[in-house]
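Here is the structure we will look at, set down as structure tokens.
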Amino acid sequence: MSKFLSKLALSLDPYVPGEQPKDKKYVKLNTNENPYPPSQMVQDAIASATSDLRLYPDPDATAVREAIAKYYNDALALQGDAVIDSDNVFIGNGSDEVLAFVFPTFFKGKKIAFADITYSFYPVYCALFEIPYQLIPLTEDFSYDMDAYTGAGDDIGGILLCNPNAPTGRALSLAEVETILDANRDKLVLVDEAYVDFGGETAVALVNRYDNLLVCQTLSKSRQLAGMRVGAAIACKEVIAGLNAVKNSFNSYTADRLGIAAAKAAFEDVAYFDETRNKIMATRERTVKALEAMGFDVIPSKANFVFAKPSGMPAAELFKKLRDDGILVRYFNKPRIDDRLRITIGTDEEMDAMLASARKILGK
Ligand SMILES: Cc1ncc(COP(=O)(O)O)c(C=O)c1O
């Protein structure tokens, strides 16, 4: 440990991403990546963007912001005041970076609230930016406790909702999100929609009605671009302007030329996006049935993963045995969830391999 580390650096307990193993080839169901390749349109866009790499990219990533606005105006049939444009959109280097901009921009100097079981990066950002937080326990069945969110005290200055939640997969309806927004007009509500395209309801249609709403999305899951690192915030123009001020005080070029080209094409190729997310949702439903037939307790999921409790063997042991058998899933050694595995939805073939291995290990 270097003696030059600041007190802050010494105090950090960093986020641990799911492993990207190099020892052998696994059926990789541990980091919620998409099993399908980026669309041909995306691959072509990346190839043609390489010719301009000597030039800095557009610091505002305008082409992506316009593509995202157009996608949502069409997909949600937004009308009148609900219509969004590029000034409602902010681009970051992955949604983790978007979150890293949101924390100091809106939460510094306040206390924020989020669920006890949710994306484990949130408390890490709180530590880095020295923002105190209050955990709101999920209910027994891992739902959000609506009363706690609508009755959040005056000492709470911001709220984080991961919707659908990770690692549970459970989703709030749009009406529930709106109820929480209504009850917290004086608090910024960050809705992390990393997994929303797998059956959840996006809150994007509400950004011009609620100046306290900030939606965060990623191209890493439903748009096959985890390796590219592009994420977005969608909010009213004043909120986006605040993010830009902080971004331009830190790193003007959050997205590179390849990322901008890829992300624009990913939002434009709606047919491929719909085809692949529909396949993943169908595979998820099949997988849930097969896991339940094996005695697993599976939380209803609107994400590209399921959170399942095995019967007949502790989750930690099943995790190790699956790993030995070449199947990589995610295990969290944390209170309330150490009896479950989070299993990413891959292709049908990958899920069949996982199910066959689990059957063999559990003797079912
Ligand atoms: C809930 C949630 N938010 C944000 C992210 C970050 O995604 P990325 O930085 O790849 O956009 C993840 C990644 O796993 C996630 O699960």
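The values are calculated or read from the model by the stated rules, or taken from the named source; none is laboratory data. None of these values were measured; they are calculated from a predicted model. Heads up, the Cβs are rebuilt from the backbone with ideal geometry, glycines too, and the neighbour counts pull from every protein chain shown.
Structure notes:
- Just one of (1) assigned to a loop (DSSP other than H, G, I, E, B); (2) out of contact with any Ser or Thr (no Cβ under 7 Å at 6 or more places or on another chain) fails for Pro59. It is (2).
- Consider the stretch 74-91 and keep the residues that are more than 16 Å from the ligand (Cβ to nearest atom) and β-branched (Val, Ile, Thr). The one that is surrounded by the most Cβ atoms within 10 Å (Cβ to Cβ) is Ile84.
- Of all residues in the stretch 76-94, exactly one satisfies the criterion of being more than 23 Å from Asp211 (Cβ to Cβ) and small (Gly, Ala, Ser), namely Gly94.
- Taken over the stretch 92-113, residues that are among the hydrophobic types (A, V, I, L, M, F, W, C) and either more than 15 Å from the ligand (Cβ to nearest atom) or in contact with a Pro (Cβ under 8 Å, 6 or more places away or on another chain) (or both) amount to 4.
- For the stretch 189-227, filtering for residues that are in a loop (DSSP other than H, G, I, E, B) and more than 9 Å from the ligand (Cβ to nearest atom) leaves 15.
- Note on the stretch 237-300: enclosed helices (runs of 4 or more DSSP H) holding 3 or more residues that are closer than 30 Å to Lys364 by Cα are 270-293.
- The set of residues in the stretch 316-331 being crowded, with 18+ Cβ neighbours inside 10 Å and touching a residue at least 60 places away in the same chain (Cβ under 8 Å) consists of Ile327, Leu328, Val329, Arg330.
- Residue in the stretch 168-181 that is more than 30 Å from Ser6 (Cα to Cα), within 16 Å of the ligand (Cβ to nearest atom) and part of a strand (DSSP E or B) present: no
- When the stretch 157-167 is filtered for residues that are more than 14 Å from the ligand (Cβ to nearest atom) and either surrounded by fewer than 21 Cβ atoms within 10 Å (Cβ to Cβ) or in a loop (DSSP other than H, G, I, E, B) (or both), only Gly157 remains.
- Where a residue in the stretch 221-240 is on the phi > 0 side of the Ramachandran plot and touching a residue at least 60 places away in the same chain (Cβ under 8 Å) and its partner, wherever it lies, is small (Gly, Ala, Ser) and within 9 Å of the ligand (Cβ to nearest atom), with Cβ under 9 Å and at least six apart: Arg229/Gly92; Arg229/Gly94; Arg229/Ser220
- Test for Pro137: is it surrounded by fewer than 17 Cβ atoms within 10 Å (Cβ to Cβ), within 16 Å of the ligand (Cβ to nearest atom), at pLDDT 95 or above and under 27 Å from Ala303 (Cα atoms): no
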